[in-house]
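The values are calculated or read from the model by the stated rules, or taken from the named source; none is laboratory data. Since the model is a prediction, treat every value here as computed from it, not as a measurement. Here the Cβ positions follow ideal geometry from the backbone for every residue, glycine too, while neighbour counts run over all protein chains shown. The area values use the complete protein model at the heavy-atom level, side chains included, leaving out ligands, DNA and RNA. Shrake-Rupley method; radii C 1.70, N 1.55, O 1.52, S 1.80 Å.
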Amino acid sequence: MHDLTTVLSYGITFGILMMTIVYTFIRYIYSKELFYLSYCFMQVFSLSYIILYSKFFYSEIFFQDFSLFFATVSALVFAVRFYEGKFIPKITNNKELILNTLLLIFIILTAFYHYLLFEYLPYTIIYAILFVSIVFNLNQGFKATAIYVIGWSVICLILYILNFKTYFKMHTNLDLVLLAFAMEAILFTISVAYKYNLLKKENIEIESMLLQQSKLAQSGEMIANITHQFRQPLNNLSYILINLKNKYESNNLEKNYFDRKTSQANEQIEYLSSTIENFKNFYTESKEKEDFEIKEVIQNSLAILSGDIKKIEVTVDLTFNTNEHIKIFGIKNELAQVLVAIISNALDAIKSIENRKIAIEISSNTADVILIIKDNGKGIKSKLLDKIFEPYFTTKSSGTGLGLYLSKMIIEKSFKGKLNVKSSPKGTTFHINIEKAG
């Protein structure tokens, strides 16, 4: 029989372990980082071990050893996955060799005391391996591992100075291993929260870098578009100047003719200026969210690609089944990045067929703006359709495989919307759903 205090202590320990398991599993679902899953498994087996260890239920010692073994293996996997820095330090002289040897001995002695104190091998393995990570990689800075290791080291040092284990056994009926489970759960929860924030920050930085990388990767195509778009206006300006010169030299330059040609020249210059502005806005990195008209972004995106559109003679139909001035909230040039990537892919899909067409339809419901981009190409093979949003997957010989991956990421994360694709032998259709501006 167990007294009430013991039952409550085990109950609190079970509760803490369950909360740690749930918390870690949720972090795994959101991040897909394997160290969360391995830690979750370790705590599941640890929970099984402590239930069997409590002797609340009759069980064979085999099952307790079974739980301990798999908790230990999971702890080893977790510690290796969570490890930060190099496993083996770079040693260039005898001084570093002696120093690192002494540090390793210190780690082994500290870990040994940790095991003598709590008598639970999985936690000792994690503590020892992560301690190595801190000591051998001091230049890596203060990270999640440091929180875990420093926390356990301070606890062990205090308990050692106070001779806590002897006192605990003499004055309580509780098992010190329960305290180990509780402290482990608390320390790791703090560490994993910090680690999660670090990973989230790193992911944001990587996504921003990929976004710019994708834009730069399209620079070749964009330069070709600029060249094509500039050639005709420059030719027109050249003809205007030649006509003015001829009229002037023949003394036949009338004011009306001069004003008309000047107006035509200004139109060509404004077109060139507008083209430069479109490309500048596309390449300018912006993080300011605002309400903007979706029509403006579509027109700017088509202007950027107008060189290719004219070159392969594509008919583009823009249809509004809703208010043309409907607005959404977000970063304007990020949506332009998405539209340029999708329309560019559509142009590539239809360049080898006749009667090339792209249809862009905008509609809305009570909550969302729905943008549909359809081409009349030969479609995407079903075995490839599931892969087109994966990073670095491309069917183009000169493609980067980032365009559609980043497009989906931008729509889902930045705009909190949805991007889907359907394809058949008659063409491919992209559906974008974005919440209307409030």
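Of Lys374/Lys418; Lys289/Lys422; Lys311/Lys387; Lys357/Lys378; Lys351/Lys378, which sit over 18 Å apart, Cα to Cα? Those over the limit are Lys289/Lys422; Lys311/Lys387.
Run the reach check for Lys247 against lysines, Cα to Cα strictly under 21 Å, same-chain hits fewer than 8 apart removed. What comes back? Partners within reach: Lys255, Lys261. Just the protein heavy atoms count here, and of the accessible area of region 30-134 at 1.4 Å, carbon and sulfur take up 74 percent. Think of region 339-394 as having a plus end and a minus end, set by charges on the Cβ of Lys, Arg, Asp and Glu; of Ser364, Ile388, Leu339, Ile388 sits farthest toward the positive end of this dipole. In summary, the lysines within cross-link reach of Lys32, defined as a Cα separation below 17 angstrom excluding same-chain residues under 8 places away, comprise Lys195, Lys200, Lys201, Lys413.
Near the amide H of Val369, within less than 5 Å, lie the amide hydrogens of Ile434, Glu435, Lys436, all on another chain or at least 5 residues away, with H placed in the peptide plane. Net charge near Thr24: determine it from the other residues with C-beta under 14 Å of the C-beta of Thr24, scoring Lys and Arg +1 and Asp and Glu -1. Neighbour charge sum, excluding Thr24 itself: +2.
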